[in-house]
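Visitor: This structure is in structure tokens; I'll ask about it shortly.
Just so you know, all these numbers are worked out from the coordinates, no wet-lab data involved. Only a predicted model underlies this, so the values are computations on that prediction, with no experimental measurement involved. Neighbour counts are summed over all protein chains in view; Cβ atoms, including those assigned to glycine, are modelled from backbone coordinates with ideal geometry.
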Amino acid sequence: MDLINVDYREKIPNNVNLTEDRRVLKALEGWHPGYLDWWKDMGPEGFQEAMVYLRTAVSVDPKGWAKFDYVKMPEYRWGILLAPQDENRTVPFGKHKGEPAWQEIPGEYRAMLRRLVVIQGDTEPASVEQQRYLGKTAPSLYDMRNLFQVNVEEGRHLWAMVYLLHKYFGRDGREEADELLRRRSGSTDSPRMLGAFNEATPDWLSFFMFTFFTDRDGKMQLESLAQSGFDPLSRTCRFMLTEEAHHMFVGETGIGRTVQRTCEAMKKVGVEDPHAIDKVRALGVVDLPTIQKKLNLHYSLSLDLFGSEVSTNAANAYNSGIKGRFRETAIDDDHRLENSTYPVLKMVGNEIKNVDEPALTALNMRLRDDYTRDCAKGIERFNKIIERSGVKFRLALPHVAFHRQIGEFKNVEATPAGVLLDTASWNRERDNYLPSSADGDFIASLMKPVTEPGQFASWISPPKVGIDNRPGDFEYVMIAA
Ligand SMILES: [Fe+2]
Ligand SMILES: [Fe+2]
């Protein structure tokens with residue numbers, strides 16, 4: 001039976017018939033109090049009592065799954081939602097291609113699957129931890145609501161992964177679920193598993209960059225896990241993707257509105273030169289070169305999340321039918337890749353060159369290329385905003401060799417244009433490529449909270465339309481006295 005609607009009479013709302021699954025229900029009920037403690041400790045600081053206008057999923061039907069209402073975040077109905085099962089689904093790629101999709105985990109792939117679920121699961125609470133102080137400097141109630149919506153949904157994504165751990169991985173799955181509540185973003189003793197999820201998100205421009213770039217990496221990972229031959233993972237990820245779309249909307253419109261405000265302010269007083277940084281900053285907006293530096297930082301951090309360009313792990317995960325490519329089923333080839341190659345950008349001597357590698361081991365590179373194309377489209381939309389305003393400036397993605405900690409380029413220094421540099425030159429130029437501490441101080445100086453309904457901070461334009469079509473002066477968050 002397909003379960004589309006979510007039962008909210010249950011303590012743990014779900015569409016997986018949890019009441020009939022006593023063992024998993026008990027395990028999740030055991031995990032629940034620890035989750036709430038984690039949320040209260042590490043969730044949005046200072047707003048646990050606020051009434052927030054949030055959407056909650058009431059169905060996994062792509063049409064009309066959300067219901068909006070005021071809710072205190074600790075009372076948000078986190079649930080377990082899987083996209084409906086397709087009885088005829090088969091493994092779409094790898095050596096098991098064409099076999100019926102697995103409803104249970106094949107024993108030989110258990111360790112690999114657990115690792116993928118744990119890594120995905122670890123990123124979800126990490127981002128909530130990274131963003132926990134941002135409510136205090138929100139540029140508007142509209143933006144504050146969006147932040148909290150992203151936060152509660154990342155919490156739900158944690159639930160999604162914990163459900164898989166409890167249901168399919170027995171005792172070690174339960175231990176991993178507990179560990180997900182124990183690690184902390186940025187901690188020296190027990191940090192989160194991936195680099196970008198231990199970086200600080202100190203201001204709202206960082207938050208928008210994070211949701212634009214890092215949540216988009218999340219989208220790419222979820223897209224490739226949604227192809228998995230392990231059907232419950234596929235169904236979980238398919239529903240998560242519908243939520244992820246809103247996170248990227250927050251990032252994209254957030255950066256877009258920042259860019260727009262800057263251009264409008266420059267035009268209004270006749271500052272023509274985007275590089276006249278002091279003049280632009282005096283208008284209470286973020287200058288475009290600094291936005292470019294933020295973009296350089298977040299893009300390069302997010303590229304590291306794709307791992308090494310050439311990877312036998314990626315090849316094994318594909319060959320086994322566990323993790324596919326971006327939009328696998330739409331690709332026109334044999335979906336086995338045993339005899340094909342893919343061009344990989346590598347260091348060859350002192351030069352950056354394309355080298356053909358076996359397509360199976362180059363899967364991380366391929367996913368990263370798909371990601372870059374997706375990012376580039378967003379950047380062009382920002383450039384359209386700048387162009388329309390009449391300001392002469394273009395934003396661009398930096399070269400993939402720029403500022404990398406993982407993969408082919410981790411031991412070299414390169415400019416955003418991809419020109420290799422010696423260390424002394426890099427050290428001299430660094431602050432022209434990446435945000436300096438002075439840039440950080442300036443952005444921090446703009447982060448004054450605006451909590452009057454319908455009002456916005458100096459550095460950001462209002463959105464074109466409200467959430468859930470609410471009017472401009474709608475009180476998206478009722479902050480408790
Ligand atoms: Fe997520
Ligand atoms: Fe997300």
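Visitor: State, as an integer percentage, the relative contact order of segment 47-197 based on alpha-carbon contacts under 8 Å between residues 6 or more apart. Show your work: numbers first, answer last.
Guide: Values: 160 pairs, mean separation 35.2, N = 151.
In percent, rounded to a whole number, it is 23.
Visitor: Also: Filter the cross-link list K294/K392; K267/K384; K67/K167; K136/K294; K293/K392 down to pairs whose alpha-carbon distance in this structure exceeds 25 Å. It would help to have the intermediate numbers written out before the result.
Guide: On the way: K294/K392 19 Å; K267/K384 16 Å; K67/K167 28 Å; K136/K294 21 Å; K293/K392 17 Å.
Distance filter (> 25 Å) returns K67/K167.
Visitor: Explain nothing, just the number: relative contact order of the chain, from Cα pairs under 8 Å at least 6 residues apart, as a whole percent. Mind showing how you got there, number by number?
Guide: Details: 816 pairs, mean separation 90.7, N = 481.
Worked out over the chain, it gives 19 percent.
Visitor: Report the percentage of all Cα-Cα pairs in the chain whose separation exceeds 44 Å, rounded to a whole percent. Numbers along the way, then the final one.
Guide: Numbers: 15998 of 115440 pairs.
Above the 44 Å cut-off, the chain has 14 percent of its Cα pairs.
Visitor: Rounded to the nearest Å, what's the spacing between the alpha carbon centres of segment 265-324 and segment 70-94? Just the number, please.
Guide: 30
Visitor: Would you mind ranking Y133, Y163 by Cβ crowding within 10 Å, fewest neighbours first? List each step's numbers first, then the result.
Guide: Details: Y133 14, Y163 27.
Lowest count first: Y133, Y163.
Visitor: Sorted from fewest to most neighbouring beta carbons within 10 Å, what does the list D203, D189 look like? Present the calculation step by step, with values, prior to reporting the outcome.
Guide: Working: D203 21, D189 6.
Listing D203, D189 from fewest to most nearby Cβ atoms yields D189, D203.
Visitor: Under a cut-off of 13 Å between alpha-carbon atoms, report the aspartates and glutamates in cross-link reach of K40, not counting same-chain residues fewer than 8 places apart.
Guide: Straight-distance partners of K40: E49, E75, E129.
Visitor: For R192, enumerate residues with amide H under 5 Å from its amide H, sequence gap 5+ or separate chain, H modeled in the peptide plane.
Guide: R184, S185, G186, S187
Visitor: Among L82, L420, L194, which comes first, then next, by fewest other beta-carbon atoms within 10 Å?
Guide: Lowest to highest Cβ neighbour count: L420, L194, L82.
Visitor: Something else: For A414, what residues show an amide H to amide H distance below 5 Å, using hydrogens built from the backbone and excluding near sequence neighbours?
Guide: Residues meeting the amide H criterion: H403, L421.
Visitor: Sticking with this one: Going through the cross-link list K219/K410; K95/K377; K323/K464; K11/K448; K72/K448, which pairs have a Cα-Cα distance over 30 Å in this structure? Walk me through the numbers on the way to the answer.
Guide: On the way: K219/K410 24 Å; K95/K377 34 Å; K323/K464 38 Å; K11/K448 39 Å; K72/K448 24 Å.
Correct reply: K95/K377; K323/K464; K11/K448.
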